[in-house]
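The structure under discussion appears below in the form of structure tokens.
The values are calculated or read from the model by the stated rules, or taken from the named source; none is laboratory data. Keep in mind it's a predicted model, so treat the numbers as computed, not measured. So basically every Cβ, Gly included, is an ideal-geometry build from the backbone, and we count neighbours across all protein chains shown.
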Amino acid sequence: MTDRPAVFGDTHLKAAVFDLDGTLVDSAGAITTAVNEIMAAVGASPYEVKQVATFIGDGPDTVLKRAMARRGLEVSEQDSRRFSKLYQDCSVSQSEIYPDILAALDELRIRGYRLAVCTNKPGQATRSLLGRLQIDWMFDAVCCSDECTHRKPHPAHLFETLQRLPARPCGAVMIGDHRNDILAANACGLPAVLAQWGETVPEAAPDLAGCEVACRTREPRELPDILDRLLGREDGVGA
């Protein structure tokens, strides 16, 4: 049984917790650039974006391990250090926000939702990216993998995010594109919305075996109405 934190926020507060890569921002191309820099350095063939998209979701270290393993290679300390910098530079400078995300975030805030980011991306890269995109001010809490003892799909990462808002699981929804997002939400008792607007190729679709998805959508603009419905507030205002 998961140990739940003892203290959460107001029972009337509504919260929307977002994953970052593949949900708020399109970073697959940027991360592919970083991966292929390493591939070139070790004399391996480059990857296409659709291939690298399947490596994303468990943090940058795992992205590199998966890319190297697919080429029959192991990650050296030098590779790891270089990729860490490339990942930071490329993901911050080249990632872009998905169309209609800003409109969805604006509407959620108008309807009284507190917004948070729960991501397996490291904190420095996350906050630099949100700042460059000028959306950092829209989020009441940001919780990154290197700021917690565990990362998604472990529920502790999502519980920590809720505490930072603060919000209760009964008033929150998790929105993400990856299996890890859905599993974390399931473990915490939150409805999970699968964000499918980044699934440009079949290879990018997550494996959802054993996951409980409350709703799926390919349109960010649908999120405010979806969240109101999932939380039993179809009038769009707080209970």
Point to revise | Flag for Gln134 being in the same structural domain as Gln196 (by TED's automatic domain parsing) and either in contact with a His (Cβ under 6 Å, 6 or more places away or on another chain) or assigned to a loop (DSSP other than H, G, I, E, B) (or both) | key: yes
Exercise for review: Count, please, the residues in the stretch 127-147 that happen to be within 23 Å of Cys211 (Cα to Cα) and either without any contact (Cβ under 8 Å) to a residue 12 or more places away in the chain or of a type in the set (A, V, I, L, M, F, W, C) (or both).
Suggested key: 2
Check your understanding: Got a number for residues in the stretch 72-126 being in contact with a helix residue (DSSP H, G or I) (Cβ under 6 Å, 6 or more places away or on another chain), among the acidic types (Asp, Glu) and without any contact (Cβ under 8 Å) to a residue 24 or more places away in the chain?
Key -> 0
Practice item. Return a yes/no flag: does the stretch 112-128 have any residue that is among the aromatic types (Phe, Trp, Tyr), within 22 Å of Leu194 (Cα to Cα), crowded, with 22+ Cβ neighbours inside 10 Å and touching a Pro at 6+ places or on another chain (Cβ under 7 Å). Key: no
Review point. Only one residue in Leu183, Leu130, Leu190 is within 13 Å of the chain's Cα centre (by Cα) and within 23 Å of Leu231 (Cβ to Cβ). Which one?
Key: Leu183
**Study point:** Cβ pairs under 7 Å, 6+ apart, first in the stretch 188-207 and buried (at least 18 other Cβ atoms within 10 Å of the Cβ), second at pLDDT below 95 and among the aliphatic types (A, V, I, L, M)
**Key:** Gly198/Ala204; Ala204/Ala53
